[in-house]
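The values are calculated or read from the model by the stated rules, or taken from the named source; none is laboratory data. Since we're looking at a predicted model, the values are computed, not measured. Here the Cβ positions follow ideal geometry from the backbone for every residue, glycine too, while neighbour counts run over all protein chains shown.
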Amino acid sequence: MFLHFFMTLEKANVPKYIFNHMMWALKESQDNKRRWIPYGRLMSEIFHQGGILKALKQSKIITDAQLGTVTGKVINGRTLRKMHLIKKEDFQELKE
């Protein structure tokens, strides 16, 4: 869909599209008991930048353990090397 907008130079409300898709996917996951959240990293960044996470932590209403907080792997030089995105020599430079 986005490629169409880019190729035809039509204006598109991308945040609205993402939000609508997130709402659809969340409803779908509740109805079908799926355990994944679309745009999880984007939502995490929005919560972080908006100060929501900090406010929740300070309020001590709920803990990470109660929420079942899960974090992904950090993307570092070793990860990029395993993905064959950088060469071995580049990885050695990153380590130094």
Looking at region 55-83, which of its residues are assigned to a helix (DSSP H, G or I) and in contact with a helix residue (DSSP H, G or I) (Cβ under 8 Å, 6 or more places away or on another chain)?
G77, R78, L80, R81
Within region 1-8, does at least one residue satisfy the condition of being free of Cβ contacts under 8 Å to residues at least 60 places away in the same chain, outside any helix (DSSP H, G or I) and among the hydroxyl-bearing types (S, T, Y)?
no
If you scan region 44-89, which residues turn out to be under 25 Å from F19 (Cβ atoms), without any contact (Cβ under 8 Å) to a residue 24 or more places away in the chain and among the small types (G, A, S)?
S44, G50, G51, A55, G68
Among residues of region 23-43, those that are over 14 Å from the mean Cα position of the chain (by Cα) and at pLDDT 70 or above, counted:
12
